[in-house]
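Taking it in order: structure first as structure tokens, then the write-up.
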Amino acid sequence: MKLLFPITTAICMVFSSCISSFATEKEERLSDADQIIYELGEQVLQDLNGQQDTDLLRECMGFYIDNQQFDSPQGSYNKAIRLGYQIVSVDHKDIDTYTTMAWLLWSKWVSWTKNPNRMPDGEGKADQAIELLNWGKQWNQKSGRFYKESADTIWPLAKYYRSDLYEFVIENYRKADLLAGSDDLIKIRIRLNLGHAYRQINENKIAISWYKKSSGNCSE
């Protein structure tokens, strides 16, 4: 092991150098518009708590999602997540930001489970995604869209990685169904999803009842 350590260190140094060169090259290839957003983003991050312009924050968040080479570690979405937290602290009803952040957070957790060394800060981020969405409920209690999209966002996590989170998915779809009002098309989609979700946890009788509701009288 002692003999391998210097070799491993050298490889890591070369790899780090390549990443640095790639980031510099990528930065140099930025369009003028993206370069401006990048510079604004770096300034915003230095005084994030003082930022109230949600349009600017969203632009910067989108830039960092698309340009992960500026994160440390690369692909961590850390800057986008920091910006997202500031956005929802200013605009408590920004559903798109809640769900985007939740997806980014649980994606970090999945990366951590596969390679903890590559994504060391991914531990616990799936639970943090749930905490974020639950926190947002207090300002979106009457929004069927918030509940539906929260369920949509967590469903892949429950299906492929965390079956314990089906409870969250089903609870949110059921709440969305109650809040859907007279929008029959949305109700059909929600009820079909509930049927699928119950079927995936082997609650077949309940699944069938939701499938029947989706094809029956949606206004019931």
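Quick note: the coordinates plus some simple rules give every number you see, no bench work behind them. In this text, all values refer to a predicted model and were calculated from it rather than measured experimentally. No Cβ is skipped: glycine too gets one built from the backbone with ideal geometry, and neighbour counts run over all protein chains shown.
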Report task. For segment 58-85, name all the residues that are assigned to a helix (DSSP H, G or I), polar (S, T, N, Q), touching a residue at least 12 places away in the same chain (Cβ under 8 Å) and farther than 17 Å from Ala129 by Cβ. Result -> Gln69
Query raised in the report: Counting residues that are crowded, with 20+ Cβ neighbours inside 10 Å and not hydroxyl-bearing (Ser, Thr, Tyr), which helices (runs of 4 or more DSSP H) fully inside segment 126-220 reach at least 3?
Result: 144-160, 166-179, 184-200
